[in-house]
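Visitor: This is the structure, below, for whatever I ask next.
Quick note: the coordinates plus some simple rules give every number you see, no bench work behind them. Computed from a predicted model, the values in this text were never measured in an experiment. Here the Cβ is made from the backbone with ideal geometry for all residues, glycine too, and neighbour counts use every protein chain on show.
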Amino acid sequence: MTQTNRQAARLSKKRAAIPNMPPEEANRDEIKSKPPARRDLFAEVAQLAASASAAAEGGRRRTFYSYVAPQDTDDGRVWVEWFQKVRLDLAVPDTSGRSKTFKYRWRMQPTHVWIYTKRPRSDELIYNLPAVLDAVVSGETIYWAEGEKDADNLAAAGVVATSHHGGAGHVIRTQTEWLTDHRGLIALLYDLDADDKGGGNKGAFDVVRRYDLLREVGVPRERIAVGHARVGKDVSDHLAAGYGLDELVWLEDLTGLYEKAAKTTAASYPGSGYSVPSNWGAKLGGGRA
């Protein structure tokens, strides 16, 4: 076999292995005259990132919670998606005992690639902000739960509901300032977490933190109610068991919560799916008066 024949044989085998390569009999002039297909690099990178993310997550169930921010234009206020919080439910708890974990992602435009970090100024936002601001105007009761899942289930029950995105204890003053002018009731719901060995409790710490910050921004205590589920750990369990919102348990005395919150330390947070809040040692009790 001549060198030319050997090259032709190798080329034929190569084309047979790559279906998209044109057959040897194709009109080469016609092929050359066609402009090359334009590659959508953004789409290709996004697809690769999605594939890598799915492989890394090992089939874990993902839930996406969208947070929006207001932007004022010549035509009035519009809402744009600022970031998404991604909840990953683990089929098997990890080595720390967590059955879920969370991460953030955002993008500049709907067609852009996702960036898996927390976007700047995200901590200023709370969940379902458009509905919350409408309720501030109308005076409708606003339910503030510990997580987006609970907020969604409350909204499905027909009420206005919100949440903070950082997890138990991760609440800042800026988030409560959205409710400064609210003249209706703010119903704070907390999770019935187990106490740690030292008597601390992250659910108690979280709701006390929210209560204190609301008082700091001028919300009177008579407009704040604090309660929890009648059964299960949270309001989602409460509703799933067939109980109504009128059957939630409301507290008249917050002393027990403050005592547990004051004992809350880093030991209260293992297995929660969140990092320990940087403010867990902050002074509590400013909102009790």
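Visitor: Return the distance in nm (one decimal) between the two label points of a simple spin-label model at Glu259 and Glu140, each offset 7 Å from Cα along Cα→Cβ.
Guide: According to this spin-label approximation, the distance is 3.9 nm.
Visitor: Asp181 versus Val159, label points 7 Å from Cα toward the beta carbon: distance in nm?
Guide: So the label points at Asp181 and Val159 sit 2.4 nm apart.
Visitor: Between the range 182-233 and the range 123-181, how many Å separate their Cα centres?
Guide: 13
Visitor: What's the local net charge at Glu124, with K and R +1, D and E -1, over the other residues with C-beta under 11 Å away?
Guide: Value of the local net charge: +1.
Visitor: Shifting gears a bit: Quote to one decimal, in nm, the extra length available between Asp123 and Glu222 on full extension: 0.36 nm per residue of separation minus the C-alpha distance between them.
Guide: Difference between extended and current length: 32.9 nm.
Visitor: What ranking do 226-238, 101-113 get when scored by the average of other Cβ atoms within 10 Å per residue, highest first?
Guide: 226-238, 101-113
Visitor: Amide H of Val226 versus every other amide H placed in the peptide plane: which residues, excluding those fewer than 5 positions away on the same chain, fall under 5 Å?
Guide: Residues meeting the amide H criterion: Leu188, Leu251.
Visitor: What residues qualify as long-range amide H neighbours of Phe83, i.e. H under 5 Å apart, gap of 5 or more or another chain, H built at 1.01 Å from N?
Guide: Tyr67
Visitor: What's the extension gain from Phe64 to Asp89 if we count 0.36 nm per residue and subtract their Cα-Cα distance?
Guide: Fully extending the segment from Phe64 to Asp89 adds 7.8 nm.
Visitor: In whole Hz and in residue order, list the ³J(HN,Hα) couplings for the range 65-72 that follow from phi through the Karplus curve 6.51 cos²θ - 1.76 cosθ + 1.60, θ = phi - 60°; x for Gly and Pro.
Guide: Karplus-based 3J(HN,Hα) across the range 65-72 equals 10, 9, 10, 10, 10, x, 9, 8 Hz.
Visitor: Continuing with the same structure: Looking at the range 127-289, how many pairs of lysines come closer than 22 Å at the Cα, when each pair is eight or more places apart or spans two chains?
Guide: The number of close lysine pairs in the range 127-289 is 14.
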